[in-house]
Amino acid sequence: GGFDNESIAVAAMVSTFYLWVRALRSDASWPAALLCGVSYSYMVAAWGGYVFVLNMIGIHAAALVLVGRYSARLWRAYSLWWLVGTAGAVFGPARYLVGWQPFQSLEQLGPTAVFAALQLWQLSEGMADRRR
């Protein structure tokens, strides 16, 4: 194999997954979520297979909620990653290829729905804490 987009994308993919898991490690690990978003933006610019990474992180976050592992740490990490990564995809170097697809493409709406659901979940957690 030669040096092409897929070769570059593998490093970006591994970096994104590593930083995602690292962002979930502790409350002080939230800066890794920002770096994860930057790494994901690089992945978007490097290769069209970025949708795989997007969906895997979305599925992982949704699975954590479904098995009862929701925490403010998950909310913070996913929110930072999704905001930075989506902004990088829509406004970054690949903006002419990606455009507004994160909000229009059916294959990319799942992680957007996870983002919205986590915002609602965190809001309800906060309201429940205030009542206690």
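Could you provide, to the nearest whole Å², the per residue accessible area of the chain with probe 1.4 Å? Walk me through the intermediate numbers first.
Values: 7640 Å² over 132 residues.
Ligands and nucleic acids excluded, the figure is 58 Å² per residue.
Subtract the Cα-Cα distance of VAL14 and VAL67 from 0.36 nm times their separation in residues, and report this length gain in nm to one decimal. List each step's numbers first, then the result.
On the way: separation 53, 0.36 × 53 = 19.08 nm, distance 2.49 nm.
Additional length available on full extension: 16.6 nm.
Expected output is a single nm value to one decimal: the length gained when fully extending between LEU123 and HIS60, i.e. 0.36 nm times separation in residues minus the C-alpha distance. What is it?
Working: separation 63, 0.36 × 63 = 22.68 nm, distance 2.07 nm.
Length difference between fully extended and current span is 20.6 nm.
With runs of 4+ DSSP H residues as the only contributors, calculate the mean residue ellipticity of the chain at 222 nm using -39,500 (n - 2.57) per run, divided by the residue total and rounded to the nearest 500. Display every interim value, and only then the final one.
On the way: 7 runs with 107 residues, N = 132.
Calculated from helices alone, the mean residue ellipticity at 222 nm is -26500 deg cm²/dmol.
For the stretch 84-129, what is the Kirkwood hydrodynamic radius in Å, using each pair of distinct C-alpha atoms?
Values: mean 1/r = 0.0839 Å⁻¹.
Kirkwood hydrodynamic radius for the stretch 84-129: 11.9 Å.
Counting alpha carbon pairs within less than 8 Å and at least 6 residues apart, what relative contact order, in whole percent, applies to the stretch 38-132? Walk me through the numbers before you get to the answer.
On the way: 60 pairs, mean separation 34.2, N = 95.
Over the stretch 38-132, the number comes to 36 percent.
How far apart, in nm, are two points set 7 Å out from the Cα along the Cα-to-Cβ line at LEU83 and at TRP30?
Calculated label separation equals 0.9 nm.
At 1.4 Å probe size, with the rest of the protein present, what percent of the exposed accessible area of the chain is carbon and sulfur atoms? Mind dumping the intermediate values first?
On the way: 5060 of 7640 Å².
Heavy-atom surface of the chain belonging to carbon and sulfur, 1.4 Å probe: 66 percent.
Mind checking Rg over Rh on the chain, alpha carbons, Kirkwood formula for Rh? Mind dumping the intermediate values first?
Details: Rg = 15.2 Å, Rh = 15.1 Å.
Using Cα coordinates only, the ratio equals 1.01.
ASN5 to PHE52: extension gain in nm, 0.36 nm per residue of separation minus the Cα-Cα distance?
Numbers: separation 47, 0.36 × 47 = 16.92 nm, distance 1.51 nm.
Full-extension gain reported as 15.4 nm.
The values are calculated or read from the model by the stated rules, or taken from the named source; none is laboratory data. On a predicted model such as this, the values are computed, not experimentally measured, just so you know. Every residue, glycine among them, receives a Cβ derived from its backbone with ideal geometry; neighbour counts consider all protein chains shown. Heavy atoms of the whole protein, side chains included, go into the accessibility calculation; ligands, DNA and RNA do not. Shrake-Rupley method; radii C 1.70, N 1.55, O 1.52, S 1.80 Å.
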